[in-house]
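Taking it in order: structure first as structure tokens, then the write-up.
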């Protein structure tokens, strides 16, 4: 299919450049209801997207369309012509596509040590091993093991392919104590570790029990707030987005290189590096969708913005060197130990409706569906509350844990504790 498309593109007049992105995904999927395996499915699908570029009036237009397996040469040609017309009415500032790089890459993963069906079965065994909370059960469990073959080819000599591996667990832990309470869990990983899967699902099984038992606190809580890795990923993501070439070009960035994003900091200062390849992250990649080889870049150092990052288009607009569209972020660990965290009461957010971060209006907050109040001796589950505060105050008084974990696109402190966030 790809070769057919490329041959047609090469013989199409009136286009300046082209790009073909393909993702072939092989999957093994298991579907359980309670502990009964209801469905086993294997799939092999290919997603193809073609981008056509047209240079006109010193401007560059582009248009993208999908190609399906049912398309014959005539249909592909028809879609190219449609895209060409669309590109002719788009007038972006001109830029050059990356060129003359060829490579084949494979992500490091222990998935290669297993047959995909064997691995899916091992993951299910680990999940059900964690189903040991009295009154609780895994109401539904779905397991997906994927092998992705990602490639990008363009008219300027880019031809790159990478093989990636990932797995996803979707589970609905349930607790029934007269009334039924459910939580939704989505867990992504690229390395299989039986104990880590057990720990992750076990944590959710205990959380759903705690969610059933949680009550609103009798009195207003006044103590530091602890955010775990999922919320830290969202928080950090807002800051790295502000230092992307596209944000700066479009004048939507709240701060610039040289700015101190943690003014009057009394706690740990942030050092953040945008990364291409990160072991354990489902966002890890050797190149981006344009075929640019990804180059790690430290963008915040000791609390100050020091560099920009991003893809080739906006890099050229700003006369910068492209790092590629980096999908992962690495945050240096801090000074907070578990003993220090437990030396005084705190409130830990375990499940939120979504952390709200507004850099422009200096706000951080959100609804907490399940939290834990640590009274100096134990964590007590609570619900029915929210957190709210000034983002600048929270960052200035933040301490980062010295323990580092990987979560989705984030590798960094397992948690952080914040002074100055109100519990309401």
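The values are calculated or read from the model by the stated rules, or taken from the named source; none is laboratory data. Quick caveat: nothing in here was measured; it's all calculated off a predicted structure. No Cβ is skipped: glycine too gets one built from the backbone with ideal geometry, and neighbour counts run over all protein chains shown.
All of 156, 211 fail the test of being under 30 Å from residue 102 (Cα atoms) and in contact with a strand residue (DSSP E or B) (Cβ under 8 Å, 6 or more places away or on another chain), apart from 156. Among the residues of the stretch 315-330, those identified as under 22 Å from the mean Cα position of the chain (by Cα) and either outside the structural domain of residue 262 (by TED's automatic domain parsing) or not in a loop (DSSP other than H, G, I, E, B) (or both) are 324, 328, 329, 330. In the stretch 123-134 there is no residue matching the filter, namely being touching a strand residue (DSSP E or B) at 6+ places or on another chain (Cβ under 7 Å) and in a strand (DSSP E or B).
Report yes if some residue within the stretch 18-26 is more than 32 Å from the chain's Cα centre (by Cα) and crowded, with 19+ Cβ neighbours inside 10 Å; otherwise report no. Among the residues of the stretch 18-26, not one is more than 32 Å from the chain's Cα centre (by Cα) and crowded, with 19+ Cβ neighbours inside 10 Å, which makes the answer no. Among the listed residues 91, 83, identify the single one that is under 30 Å from residue 315 (Cβ atoms), touching a strand residue (DSSP E or B) at 6+ places or on another chain (Cβ under 6 Å) and surrounded by fewer than 18 Cβ atoms within 10 Å (Cβ to Cβ). After ruling out the rest, the residue left standing is 91. Restricting attention to the stretch 217-271, the residues being over 24 Å from the mean Cα position of the chain (by Cα), assigned by TED's automatic domain parsing to the domain that holds residue 394 and without any contact (Cβ under 8 Å) to a residue 12 or more places away in the chain number 1.
Per-residue answers, yes or no, for (1) assigned by TED's automatic domain parsing to the domain that holds residue 292; (2) farther than 19 Å from residue 34 by Cβ; (3) surrounded by fewer than 20 Cβ atoms within 10 Å (Cβ to Cβ):
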{"residue": "99", "(1), (2), (3)": "no, yes, yes"}
{"residue": "143", "(1), (2), (3)": "no, no, no"}
{"residue": "160", "(1), (2), (3)": "no, yes, no"}
{"residue": "168", "(1), (2), (3)": "no, yes, yes"}
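Is there a residue in the stretch 145-166 that is touching a residue at least 24 places away in the same chain (Cβ under 8 Å), over 30 Å from residue 2 (Cα atoms) and assigned to a strand (DSSP E or B)? Taking every residue of the stretch 145-166 in turn, none turns out to be touching a residue at least 24 places away in the same chain (Cβ under 8 Å), over 30 Å from residue 2 (Cα atoms) and assigned to a strand (DSSP E or B).
In summary, residue 345 fulfils each of the numbered conditions (1) free of Cβ contacts under 8 Å to residues at least 60 places away in the same chain; (2) touching a strand residue (DSSP E or B) at 6+ places or on another chain (Cβ under 6 Å) with the single exception of condition (1).
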